[in-house]
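*Asks:* Encoded as structure tokens, here's the structure I'll be asking about.
The values are calculated or read from the model by the stated rules, or taken from the named source; none is laboratory data. Remember, it's a predicted structure, so these values are computed and weren't measured experimentally. Note that we place each Cβ from the backbone using ideal geometry, even for glycine, and neighbour counts take in every protein chain shown. Side chains included, ligands, DNA and RNA excluded: accessible areas come from the protein's heavy atoms. Shrake-Rupley method; radii C 1.70, N 1.55, O 1.52, S 1.80 Å.
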Amino acid sequence: GKTRRRVAGQVAERVVQLTVLFVPGLLAVLLLMPAGAAAGDILEASVTHTDGRYDLAIRARIDAPRDTVYCAITDYSNLAAINPDIEVSELLEANPGGVSTVRTVIHVCILVFCKQVEQLQHVTHPDADTIEAVIIPEGSDFRSGVARWQLSSPTVATTELQFVETFEPDFWVPPVIG
């Protein structure tokens with residue numbers, strides 16, 4: 001019900017925050033985040049930076065059924081409900097072939113550096129457990145990017161989310177000390 005959707009939203013918010021905090025200091029940010037044990041856990045997280053490109057991988061356990069999690073992360077017009085840093089989230093187009101065009105504007109702060117980051121993506125659902133997104137550079141603050149969400153259900157009441165993303169921002173990202 002409503003509580004499960006809220007719980008799924010809390011963990012989904014943490015995952016979405018990780019996807020926008022694409023900095024070498026991401027692991028430090030993870031260590032500072034509240035545990036949120038009732039909502040689930042980030043089981044693994046890594047980020048690498050090579051030649052202006054970032055690779056991010058997250059594995060999370062969410063204490064909510066798979067369908068609840070799937071609905072929360074595919075409600076493209078309402079992503080701000082699970083992440084207050086998302087200022088704009090809109091489904092621009094949903095084609096019969098299964099390709100949706102989604103636009104988000106996210107307020108990102110790294111230490112004292114803040115920026116509104118715009119993303120325009122083509123999103124597909126290759127199967128019932130997978131969501132894939134490709135950044136459209138024209139209309140985005142990114143030169144390129146590909147993301148994949150893979151959901152599984154270890155139990156009826158829990159969902160495991162595997163998230164991988166590779167992207168290249170088209171703006172300066174400040175280094176994080178530490």
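*Asks:* Report, by residue number, each residue of the range 85-111 that is outside any strand (DSSP E or B) and under 15 Å from residue 136 (Cα atoms).
*Replies:* 99
*Asks:* Return the residues of the range 56-84 that are open to solvent by 30 Å² or more (accessible area, probe 1.4 Å) and either in a strand (DSSP E or B) or among the acidic types (Asp, Glu) (or both); say none if nothing qualifies.
*Replies:* 57, 59, 61, 63, 67, 75
*Asks:* Sticking with this structure for a sec: Please state which of the following conditions residue 64 fails to meet, knowing it meets all the rest: (1) under 26 Å from residue 120 (Cα atoms); (2) aliphatic (A, V, I, L, M); (3) at pLDDT 85 or above.
*Replies:* (1)
*Asks:* Report whether or not residue 147 is under 13 Å from residue 70 (Cα atoms), out of contact with any Cys (no Cβ under 9 Å at 6 or more places or on another chain) and among the hydrophobic types (A, V, I, L, M, F, W, C). I'd like the intermediate steps shown before the answer.
*Replies:* Details: under 13 Å from residue 70 (Cα atoms): no; out of contact with any Cys (no Cβ under 9 Å at 6 or more places or on another chain): yes; among the hydrophobic types (A, V, I, L, M, F, W, C): yes.
For residue 147, the condition - under 13 Å from residue 70 (Cα atoms), out of contact with any Cys (no Cβ under 9 Å at 6 or more places or on another chain) and among the hydrophobic types (A, V, I, L, M, F, W, C) - is not met.
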